[in-house]
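**Student:** Okay, handing you the structure first.
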Amino acid sequence: MSLKILVTGGAGYVGAALVEQLGKLPSVAEIKVYDNLFLPTRDFFFNTFLNKEKVKFVEGDILDTRKLSQLVKSADVIIHLASVHSAGHDNATLHLLEQVNHWGTAELGYAAEGSGVKKILFLSTTEVYGRGETLKTEKSETNPASPFAQKKLRGEAHLLRLANDFTINVFRVGTVVGHSHVKSDKGVANAFFYDALIKKKVTIHGDGKQFRPFVSLRFLVSSLVKSVENEVSSGIYNLSQSNLQILDLLEEVKNVLPETEFIFTNHHLHLPSLLVSSDFSDLFPTQKMDMAHEYGEYLKQAKI
């Protein structure tokens with residue numbers, strides 16, 4: 001088996017770690033990374049662990065249907081990571097979320113129809129469940145509260161309609177934390193660490209008692225690699241290792257960077273939680289999130 005893989009958004013935080021691992025697989029012959037380099041970092045190109053013989057970079061936008069269609073035609077497996085991550089509500093941000101996260105995913109689906117693609121893996125978000133104190137599984141109703149989550153959910157629908165034509169694996173992913181060659185301060189866990197490292201202080205909105213689902217970058221990548229190498233039935237899969245309180249994160253930050261100052265704003269405010277589990281833990285077996293290990297790996301890489 002000599003797989004040709006297309007990774008959209010592959011030069012980013014998750015993509016860099018994923019492409020590195022895909023390049024180690026004997027079953028993978030070629031990896032095309034399609035990315036518009038929207039992020040200011042170019043760290044992807046300086047990762048000495050990439051298999052340069054297998055990895056080919058193509059600069060382009062997910063909305064460039066002509067270029068996208070050409071790349072899709074030569075792929076056996078597509079891993080769709082291209083996405084805009086923003087909590088903004090201004091008109092420009094809302095337009096970008098709609099275009100990229102919704103219609104960009106739709107265009108990928110249209111391009112894949114009749115192309116010979118065997119499998120599409122799509123990175124969605126647990127945010128599609130909204131908030132609540134009850135544990136959410138793949139069977140739970142969706143109630144996205146943010147424009148980001150709303151557009152991701154619409155993107156899911158565009159791909160899942162193709163599940164009779166080829167395999168569609170939708171991964172609803174918790175907040176990702178862990179070291180990558182492409183750094184990211186997105187997500188509360190990564191943001192806290194970088195604020196503590198660089199600013200020596202972390203600001204917390206509310207009382208910090210709300211729960212959020214977290215997943216390590218290592219577990220996320222290993223799950224995607226498993227889905228590339230094996231037949232995983234079409235459907236939706238939650239990827240979350242631990243539901244942690246924000247206060248738990250502060251303890252872990254304090255353990256690795258004890259000089260950090262913590263500043264609470266609106267500390268009497270309790271924010272709603274999101275707790276996520278999976279009905280498919282036998283397929284993607286998880287271990288409890290080891291946040292100390294993840295922060296420790298970050299600290300090893302820090303130059304200050």
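**Student:** Where a ≥ b ≥ c are the square roots of the eigenvalues of the C-alpha gyration tensor, would you call region 220-304 rounded, which needs a/c under 1.5, or, failing that, prolate if a/b is larger than b/c, or oblate?
**Tutor:** On the way: a/c = 3.35, a/b = 1.59, b/c = 2.11.
It is oblate, given that a/c is not under 1.5 and a/b is not larger than b/c.
**Student:** Say the dipole of the chain comes from +1 at the beta carbon of Lys and Arg and -1 at that of Asp and Glu; which of Val72, Leu197, Ser180 then lies farthest toward its positive end?
**Tutor:** Positive-most Cα among the choices belongs to Val72.
**Student:** Taking the Cα centre of each part, how many Å lie between region 1-38 and region 246-304?
**Tutor:** 28
**Student:** To continue, here is another question. Evaluate the charge dipole of the chain about its Cα centre and quote only its size in Debye, nearest 20, assuming +1 on the Cβ of each Lys and Arg and -1 on the Cβ of each Asp and Glu. Provide the component values of the computation, followed by the final result.
**Tutor:** Values: 33 positive and 34 negative charges, 91 e Å.
Value, rounded to 20: 440 debye.
**Student:** Have a look at Ser281, His270, Gln301 and report the one farthest towards the positive end of the charge dipole of region 259-304, computed about the Cα centre with Cβ charges (Lys/Arg +1, Asp/Glu -1).
**Tutor:** Of the options given, the answer is Gln301.
**Student:** Assign unit charges at the C-beta atoms only (+1 for Lys and Arg, -1 for Asp and Glu), then state the dipole size of region 146-263 relative to its Cα centre in Debye, rounded to the nearest 20.
**Tutor:** 300
**Student:** Going toward the positive end of the dipole of region 105-241, with +1 on Lys and Arg Cβ and -1 on Asp and Glu Cβ, which of Ala163, Leu224, Gly132 do you reach last?
**Tutor:** Gly132
**Student:** Counting Lys and Arg as +1 and Asp and Glu as -1, each charge on the Cβ, what is the dipole of region 189-258 about the Cα centre in debye, to the nearest 20?
**Tutor:** 300
**Student:** If neighbour count is taken as other Cβ atoms inside 10 Å, put Leu68, Leu217 in order from fewest to most.
**Tutor:** In increasing order of surrounding Cβ atoms, one gets Leu217, Leu68.
**Student:** Counting other C-beta atoms within 10 Å, which of Leu224, Leu135 has the fewest, and how do the rest follow?
**Tutor:** The most exposed by this proxy come first: Leu135, Leu224.
**Student:** If R0 is 30 Å, what FRET efficiency do you get for Trp103 and Asp279 from their C-beta distance, rounded to 0.05?
**Tutor:** For Trp103 and Asp279, the calculated efficiency is 0.50.
**Student:** To continue, here is another question. How far is helix 217-229 tilted, in degrees, relative to the longest principal axis of the Cα atoms in the chain, given as a value from 0 to 90 rounded to the nearest 10?
**Tutor:** 20
**Student:** Leaving out same-chain residues fewer than 8 places away, which aspartates and glutamates sit with a Cα under 17 Å from that of Lys56?
**Tutor:** Glu20, Glu30, Asp35, Asp43, Asp76
**Student:** Can you figure out the FRET efficiency of Lys288 with Arg66, using R₀ = 35 Å and their beta-carbon distance, to the nearest 0.05?
**Tutor:** 0.15
**Student:** Still on this structure, I have one more. For each of Ser278, Ser216, count neighbouring Cβ atoms within 10 Å of the residue's Cβ, then give the residues from fewest to most.
**Tutor:** By the 10 Å Cβ count, ascending: Ser278, Ser216.
**Student:** Expressed as a rounded percentage, what relative contact order does region 141-235 have, with Cα pairs under 8 Å and six or more residues apart?
**Tutor:** Result for region 141-235 is 37 percent.
**Student:** Among DSSP beta bridges lying fully in the chain, give the percent that are antiparallel, nearest 5.
**Tutor:** The antiparallel proportion sits near 10 percent.
**Student:** Still on this structure, please answer the following. Tell me the angle of helix 13-22 to the major Cα principal axis of the chain, expressed in degrees between 0 and 90 and rounded to the nearest ten.
**Tutor:** 50
Where a number appears in this text, it was derived from the coordinates with a stated rule and is not lab data. Keep in mind it's a predicted model, so treat the numbers as computed, not measured. Every residue, glycine as well, gets a Cβ built from its backbone with ideal geometry; the counts of neighbours run over all protein chains shown.
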